[in-house]
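The values are calculated or read from the model by the stated rules, or taken from the named source; none is laboratory data. Worth saying up front: this structure is predicted, and the values here are computed from it rather than measured. As a convention, Cβ positions derive from the backbone with ideal geometry for all residues, glycine included, and neighbour counts pool all protein chains shown.
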Amino acid sequence: MTKHLKRAVLPITGYLDPMSARPGESISVKVSADFQGTFDVDTVRIISGDPNPAGPDVLYEPRAFGLEPSYQARFQDINIGSYAVVPGNNYFTAERMLFTVLVQPWLLKEETSVIASALDSSGAGWQLSARQGTLAFSYQANGSELHQVELPDVLTYKNWHHVWAGYDISKNHLILGVRDLKDEKIKSLSESKDLAPLPNKIDLVFAARKTESISEDHFNGRLEDPAFYNESYLEPETLPSPHEAPSGAILAWWDFAIGIETQSIVDKGPFGLSGRLINIPYRGMSGSRWSGNEMDWQKAPREYAAIHFHEDDLYDCDWETDFQITIPSDTPSGVYGVRLQKDDSTDILPFYVLPAKSGPKNKICFLASTFTHQAYTNHARGNCDSEMRTRMKEWNASPFNPDDYPIYGRSTYNFHPDGTGISISSRLRPALTVRPGYITFTDKAGSGLRHFSADTHLLYWLEKKGIPFDVVTDEDLDNEGPELLASYDTILTSSHPEYHTGKMLDSLQSYVDSGGHLVYLGGNGFYWKITRLPTLPGVIELRRAEGGIRAWSPKPGESHHQLDGGYGGLWRRNGRPPQKLVGVGFSAQGLFESSYYKRTRESYQENVAWIFKNVNEEKLGNYGLSGGGAAGFELDRADLELGTPPETIILAVSENHSDSFIAVPEELLTHINTETGERPEDLVRAEIVYCPKPNGGAIFSVGSICFCGSLNHNDGDNGISQMLENVIRQFASL
C-alpha cells in the first residue's frame, strides 16, 4: 500500500469497532503506526480525564484484558474522499464511446478535479476532468502517448453544465463539449489524434480517479444523470437527455434519483450496470431540474437527482484489525481505554463496558453521549494557538489537535473545502477529540474541557463519593430501546447530551413515565435530531434545518435526511422540545465562562428541603473547572409553553452572566422581540428544576453545560456536590 507523505498522521493511533461491549463480547482494535517495529499495548480503566493541575488530574487504573504486551506496527492508509464505482465493462472503453453528465462545480481548484474516469493501474484509459474553469478530456492506451483536449473557461462556480466527451478510434478523433444550462451557450471541439485501443473492463469511477486502493483528484460538487450513448450519437450537440432518449440510444444511465437513501447507484440502461458509492457523498441534493416547488426529495425525486461529492468525505478508514479485546466475565461496567505506546508517543482509545445482560446491575446508570461525541469528532476550531499548545505541554494533556490532522476527517461543526456543511459523521476513524486529557478551550478560569474529558468530572466524583454506577452508550440505547434502562432506578446524563434519535427520546420518555428517575446534568441537551441506518453501522446524519445555534445551514430544499427521508433540524422544530422530556431546554449561549445560581423562594419549600440538605451557599456554584463556575457556556431554562410540566419546581436560577451571552436564535422573533415576550437579555439564564412524575418517577435538571465542572471543587466538599449527592441518593434509595 502506498503511503501518502503529504498527509500529516499521528505517530500511532487507531479506532475501535464497536466502542462498547458486555462481558464475553469482543471489540476489534485497528491501529496505524508511522514507524517500523513494534508498539506496546495495555488496557486501563479511565478514572479522570482532566489534565489541569488544579483538578483531579488524568487518572488511570491498569486492567488486564489478556492482550499481548506488544504488536507489530504497520502503516494503514486512509482512502478519504467520496466517489462512485461501477465494475468494469467493455462499453466504458469500446472503440467508439460517448459519455455525458450534468456537472455543477462547487470548488474550482488549480489542481485537477476528475469528473469521471476509466483508468487501469498503469494509467491507461480515459479521464474527464476540470482545472479551475477549464474542462479537459484525456486518452491514453497502454504504452502510447497521452492525448488531451481542453475547453478553457467553460465551467463556472455553482452553475449547471451539460458536459460530453468521447472518442472514435476508427476515425482517430476525440470530442469534448459543454453547454451552460444557464445561458445555453455551447462550446465543443473535435480533434484528430492517433488513438490505439484501450484495455477492456476497466472500472468506471465518478468524481475521482482510483489508483490501487486510494482515490485521488476528487471532484467537489454535484453530478447528475451520467450516461453512455451508443455509437449513433457521436454528434452530441443534438443529444437528447437520458430520460427523453429513444429506445436503443442509451447503453447506460445512472439515475441518481433512485435509491437516494442507499449507497447504490442504479443503471436504468439495458445492461443493469449498477455501482456503489464510497464514503457516503450527499444525496437528496437539489439538481439541475429543481423548481423550488417541493422541499422533500421523496415527493419529487427527479428534482433531487444530484449527488454532491467532496474530497474529504470519510465513512470507514477500513483498516485491518490488529487484535481483539474480549471483555472478561468479571469486568465491572465502566469507561476503559486501549493504550498504544511507542517511546514518547501515546494514544488512548476509549471504550465502554456494559454490565452483563443477565447479571447483577447497579441502581444508577450513566448514559454516555457517544452520538454527541461523534457529531463533534475531530472538530477543527482553528484555536490551537501557541497559548493552547503551551498549556497542552505544561499539563501533559493530549498532544494532538484536529487543526493539524485533516486526514482523519472533520466534524459536523466544520465545512467541506467547497463550503458545504458536514452532515455525516462516522466513528470508524481515529477520534482525536474523544481522548482523556483533550483540551477544547484555553480556559482562563478552569480546564477548558468538553464532551468525553469533561464527563469524567462526573465519573470521578461518583467514584470519590462511593456511588456505584453502570455505563451504557447512546448507540446501545438506540440499538436496544427502553429495555436497556428498565432495571435502573436512576439515569444520569452527561454534561452535553445534544444529539439524539427518535428511538432514544422514546426510550427515555418511556423510562420516566414508567417510574424512572432522570437526572439531566448538562445544557443544550436533546437538541438536534439525527438519523442512523442499520446498513451503515457507525454513521449518524443530521441536517441543520430551520434555526437554532448552527455551525452551518442547509440549502433550500435540503433539510430532509438522505438516510431515511425524515425532516432534520432541532427536535424542538420536530415537535419534541427538550422541556417535554427534562423540563428545561436551550435558552442562551456565551463564551466558555461561568457564573453561579441563586436559590428561588420555592426551593425553601418543605417538600424539596431534602435536595438542599447541608447546602449553605448563597451563590451556588461560584467555582469550578469549567469556566470558573457551575452555570455557563450553554444555558437551559424551563418553559411551560414548550412542555415543562406544570408541577415543575424551579429551584435555582443563574445570574450575573457576561455580555457575551445572548438568547438562542429559535427564541428570537426580531432583535428585541422573543417567543415568550420577555426581553432577549432576560432569557440568559440557567434553571435547576425538580419535577415529580407519575408512578414514582422524577426529573432533576441543572440547565448548564458547566455544572459537572464544579462537583470536585474543594475535593467535592461544596454546595453543588452536596445537592447532587442528595438527589442521587434519594432517587436511588442509597
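Numerical summary
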read-out: All positions within segment 551-594 that are touching a Pro at 6+ places or on another chain (Cβ under 7 Å) and either on the phi > 0 side of the Ramachandran plot or not assigned by TED's automatic domain parsing to the domain that holds Gly522 (or both); value: Gly583
read-out: Answer residue from segment 182-220, given it is among the aliphatic types (A, V, I, L, M) and within 42 Å of the chain's Cα centre (by Cα) and is surrounded by the most Cβ atoms within 10 Å (Cβ to Cβ) among those; value: Ala207
read-out: Odd one out for Ile307, checked against (1) out of contact with any Gly (no Cβ under 7 Å at 6 or more places or on another chain); (2) under 17 Å from Ile115 (Cβ atoms); (3) not in a strand (DSSP E or B); value: (3)
read-out: Given (1) in contact (Cβ under 8 Å) with a residue 40 or more places away in the chain; (2) more than 21 Å from Leu642 (Cβ to Cβ), number of the condition Gly481 does not satisfy; value: (1)
read-out: Segment 533-544 residues that are over 15 Å from Thr370 (Cα atoms) and assigned by TED's automatic domain parsing to the domain that holds Thr501, paired with ones that are basic (Lys, Arg) and part of a loop (DSSP other than H, G, I, E, B) (beta carbon under 6 Å, 6 or more apart); value: Arg544/Arg550
read-out: Unmet requirement for Ser658, which otherwise passes all of (1) surrounded by fewer than 17 Cβ atoms within 10 Å (Cβ to Cβ); (2) over 33 Å from the mean Cα position of the chain (by Cα); value: (2)
read-out: Scope segment 522-540; condition under 15 Å from Gly502 (Cβ atoms) and in a strand (DSSP E or B); matching residues; value: Trp528, Lys529, Thr531, Ile540
read-out: In segment 588-613, residue farthest from Arg550 (Cα to Cα) [restricted to those that are surrounded by 21 or more Cβ atoms within 10 Å (Cβ to Cβ) and small (Gly, Ala, Ser)]; value: Ser603
read-out: Condition check for Leu314: assigned to a strand (DSSP E or B) and of a type in the set (A, V, I, L, M); value: no
read-out: Matching residues, segment 44-80, being farther than 14 Å from Tyr438 by Cα, in a strand (DSSP E or B) and of a type in the set (A, V, I, L, M); value: Val44, Ile47
read-out: Subset of segment 698-734 [of a type in the set (Gly, Ala, Ser), surrounded by fewer than 23 Cβ atoms within 10 Å (Cβ to Cβ) and more than 33 Å from the chain's Cα centre (by Cα)]; value: Gly716, Ala732, Ser733
read-out: Among residues of segment 317-339, those that are part of a strand (DSSP E or B) and of a type in the set (Phe, Trp, Tyr), counted; value: 2
read-out: Candidate set from segment 241-272 (those that are polar (S, T, N, Q) and under 36 Å from the mean Cα position of the chain (by Cα)); member that is surrounded by the fewest Cβ atoms within 10 Å (Cβ to Cβ); value: Ser264
read-out: Residue match in segment 400-412 (condition: surrounded by 18 or more Cβ atoms within 10 Å (Cβ to Cβ), under 30 Å from Asp564 (Cα atoms), in contact with an Asp or Glu (Cβ under 6 Å, 6 or more places away or on another chain) and hydrophobic (A, V, I, L, M, F, W, C)); value: no
read-out: Residue satisfying condition, being crowded, with 23+ Cβ neighbours inside 10 Å, farther than 16 Å from Leu195 by Cβ, among the polar types (S, T, N, Q) and in contact with a strand residue (DSSP E or B) (Cβ under 9 Å, 6 or more places away or on another chain), within set Ser121, Ser129, Ser117; value: Ser117
read-out: Residues of segment 273-320 classified as within 14 Å of Glu558 (Cβ to Cβ), surrounded by 22 or more Cβ atoms within 10 Å (Cβ to Cβ) and among the aliphatic types (A, V, I, L, M), total; value: 4
read-out: Scan of segment 478-504 for residues that are touching a strand residue (DSSP E or B) at 6+ places or on another chain (Cβ under 8 Å), within 24 Å of Ser733 (Cβ to Cβ) and not in a helix (DSSP H, G or I), ordered by number; value: Leu485, Tyr488, Asp489, Thr490, Ile491, Leu492, Thr493, Ser494
read-out: Single match in Val103, Val31 (criterion: in contact with a His (Cβ under 7 Å, 6 or more places away or on another chain) and surrounded by 23 or more Cβ atoms within 10 Å (Cβ to Cβ)); value: Val103
read-out: Criterion: polar (S, T, N, Q) and either more than 30 Å from Lys503 (Cα to Cα) or modelled with pLDDT under 95 (or both) - qualifying residue of Thr648, Thr644, Thr674; value: Thr674
read-out: Single residue of Asn673, Asn616, Asn622 found to be in contact (Cβ under 8 Å) with a residue 12 or more places away in the chain and surrounded by fewer than 14 Cβ atoms within 10 Å (Cβ to Cβ); value: Asn616
read-out: Residue in segment 221-240 that is surrounded by fewer than 22 Cβ atoms within 10 Å (Cβ to Cβ), of a type in the set (A, V, I, L, M, F, W, C) and in contact with a strand residue (DSSP E or B) (Cβ under 9 Å, 6 or more places away or on another chain) present; value: yes
read-out: Qualifying residues in segment 351-376 (those that are in contact with a strand residue (DSSP E or B) (Cβ under 8 Å, 6 or more places away or on another chain) and assigned to a loop (DSSP other than H, G, I, E, B)) - the one surrounded by the fewest Cβ atoms within 10 Å (Cβ to Cβ); value: Lys361
read-out: Test: residue in segment 142-152 that is buried (at least 23 other Cβ atoms within 10 Å of the Cβ) and part of a strand (DSSP E or B); value: no
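Rundown of residues vs (1) surrounded by fewer than 21 Cβ atoms within 10 Å (Cβ to Cβ); (2) in contact with a His (Cβ under 9 Å, 6 or more places away or on another chain); (3) of a type in the set (Asp, Glu); (4) outside the structural domain of Ala663 (by TED's automatic domain parsing), yes/no style:
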{"residue": "Ser453", "(1), (2), (3), (4)": "no, no, no, no"}
{"residue": "Glu480", "(1), (2), (3), (4)": "yes, no, yes, no"}
{"residue": "Ile491", "(1), (2), (3), (4)": "no, yes, no, no"}
{"residue": "Ser495", "(1), (2), (3), (4)": "no, yes, no, no"}
{"residue": "Asp513", "(1), (2), (3), (4)": "yes, no, yes, no"}
{"residue": "Leu518", "(1), (2), (3), (4)": "no, no, no, no"}
{"residue": "Gly523", "(1), (2), (3), (4)": "no, yes, no, no"}
